[in-house]
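One structure coming up, written as structure tokens, with questions to follow.
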Amino acid sequence: MSNILHHYVAEFGKKIDLKAADTEEFFDALIGGSDEELIASVFLGWNDKGIAEDEIFNVASLLRQRCRNITSHRKDLVDIVGTGGSKAKTFNVSTAAAFTIAGHGIPVAKHGNKAATSSSGSADVLAELNVDAAALPEISERNLHDFGICFMFAPNHHRLSPTLGKVRRGLGFPTIFNCVGPLCNPANTPFQIIGVWDRRIMTKMANARARLGTKKSWMVHGSDGLDEITLAGKTYVVEVDGKNVREFEITPSDFGVNAASTDHFRVSSPTESAKMIENILSGNALNKPVQDIVTVNAAAAIFISGNAENLKDAVSIARESIRSGKSAAKLDALRKGSAK
């Protein structure tokens, strides 16, 4: 099993991409391997070579084929997720945005994991919010049906390995799994906002998303390095509309909000992140920028899913979801649903 890993350490060193025909055998060797040093060498070589679009597509295709899926009768499912890997360690904006979106009645099937390259993964902060982030797929499916929101814990849907996870956490940089994870939602959500840690990888992910199929998705990257829509300046967007891919930029003024520094959003632990999210959803955000970063990211998903005419209208919808208490009610529902 280690032979193919050694082979690709050498191939990556020569800037040769993973071959499509080798993807399944290589992937099985990667998740079945126990040699942490060898696995780390694979990722180090891959990082030095650079991740290719075809590699993202081929690995994502394999993960999707093997995924333990959940089903829903809803055709307007939304996911809002980050790749992780951003050097700006902020609270879990996309998790707060998910409850805000669901509060308006738009179903959210959120996919995520524990942190590998960030201070707080979605599973980490949900656990702090007293949600069973590791709920089994059948529970997630029921929550989506009953409450219009669910969290799908990646290890329950994708067969990886503890050794692989340990190596990734020790590397200190994102890997191809940061790219493919958001492309492998077990509910196959047709609408996605995907925050990307590196602007250079956005188009590769977008092209892979187009090949995999989507109604509309945005890859977003803040000019300040956020893997979210930022308030600190421009956000670069690569939109996938069916098979069509285009690039553009948005700013806080497009949402009708003021610019603000990323310093407002920094946290050092899942506990801090959870407290910030509870304050936001209860209408007691520490300051307006903290609420605005959630509402603009929620607004993007509301807009691309066809539930608002423009981004400013979508911000108003997101704010009302919080003001009315409906977003907080979705958190309470998920707490109760995942505890059964």
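So I have (1) 17.5; (2) 16.2; (3) 15.1, and one of them is mean projected area of the Cα convex hull in nm² calculated from this model. Which one is it?
Only one listed value fits the structure, namely (3).
Which value results when the Cα radius of gyration for region 222-340 is divided by 2.2 N^0.38 Å?
Working it through for region 222-340, the quotient is 1.12.
Taking 8 Å as the Cα distance limit and 6 or more residues as the minimum spacing, I'd like the relative contact order of region 2-50 as a percentage.
About 57 percent, as a whole number.
Could you go through region 123-133 in sequence order and give the Karplus-derived ³J(HN,Hα) for each residue, using 6.51 cos²θ - 1.76 cosθ + 1.60 with θ = phi - 60°, rounded to whole Hz, and x for Gly and Pro?
Coupling constants for region 123-133: 5, 5, 6, 5, 4, 5, 8, 6, 9, 6, 5 Hz.
Which order do peptides 213-224, 251-262, 324-335 fall in by mean Cβ count within 10 Å, highest first?
Highest-to-lowest ranking by the protection proxy: 213-224, 324-335, 251-262.
A follow-up question, please. Taking amide hydrogens as modeled 1.01 Å from N in the peptide plane, which residues meet the under 5 Å criterion relative to Met152, leaving out close sequence neighbours?
Result for Met152 returns Lys110, His111, Gly112.
Further, regarding this structure: Taking only DSSP H segments of four or more residues, each worth -39500 (n - 2.57), what value at 222 nm results for the chain once the sum is divided by all its residues, to the nearest 500 deg cm²/dmol?
Mean residue ellipticity at 222 nm (helix-derived): -15000 deg cm²/dmol.
Are there GluC sites (Glu not before Pro) in region 265-311 that DSSP marks as loop and that have at most 16 other Cβ atoms within 10 Å, and which are they?
Loop-located and lightly packed - Glu309.
Where the centre of each part is set by its Cα atoms, how far does region 11-27 sit from region 258-337, in angstrom?
Here the two parts' Cα centres lie 41 Å apart.
Okay, next question. Neighbour counts of other C-beta atoms within 10 Å: give me Tyr236, Tyr8 arranged from fewest to most.
The most exposed by this proxy come first: Tyr236, Tyr8.
Now for a different question. Relative to the Cα centre, what is the charge dipole magnitude of region 16-100, using +1 at the beta carbon of each Lys and Arg, -1 at the beta carbon of each Asp and Glu, and rounding to the nearest 20 debye?
The dipole magnitude comes to about 660 debye.
Would you mind checking which residues have amide H under 5 Å from Gly195's amide H? H placed 1.01 Å from N; only 5 or more apart, or other chain.
Long-range HN contacts for Gly195: Val81, Gly82, Thr83, Val220.
While we're here: Would you mind working out the magnitude of the charge dipole of region 198-328 relative to its Cα centre, with +1 at each Lys and Arg C-beta and -1 at each Asp and Glu C-beta, to the nearest 20 Debye?
The calculation lands at about 380 debye.
Which of Ser34, Ile16, Asn3 sits closest to the plus end of the dipole of region 2-50, meaning its Cα is farthest towards the positive end, when Lys and Arg get +1 and Asp and Glu get -1 on the C-beta?
Comparing the listed Cα positions along the dipole, Ile16 ranks first.
Same structure, new question: Give me the distance between the Cα centres of region 46-80 and region 138-199, rounded to whole Å.
Going from one Cα centre to the other spans 9 Å.
Mind putting together the pair-distance distribution for region 2-50? All Cα pairs, 10 Å bins, whole percent per bin, short to long.
Histogramming region 2-50 at 10 Å steps yields 29, 63, 9 percent.
Taking 25 Å as the cut-off for C-alpha to C-alpha distance, list the pairs among Lys110/Lys215; Lys15/Lys89; Lys243/Lys330; Lys234/Lys275 that go past it.
Where the Cα-Cα span goes over 25 Å, the pairs concerned are Lys15/Lys89; Lys243/Lys330; Lys234/Lys275.
Once Lys and Arg get +1 and Asp and Glu get -1 on their Cβ, which of Gly225, Phe147, Val93 lies farthest toward the positive end of the dipole of the chain?
Phe147
Could you give the DSSP H helices of the chain that reach 30 angstrom or more along their long axis (alpha carbon positions) and whose average Kyte-Doolittle hydropathy is no lower than 1.6?
Both cut-offs are met by no helix.
Let me ask something else. Could you compute Rg(Cα) / (2.2 N^0.38 Å) for region 103-220, with N its residue count?
Here the answer is 1.08, to two decimals.
Quick note: the coordinates plus some simple rules give every number you see, no bench work behind them. Fair warning: this is a prediction, and the values are worked out from it, not measured in the lab. No Cβ is skipped: glycine too gets one built from the backbone with ideal geometry, and neighbour counts run over all protein chains shown.
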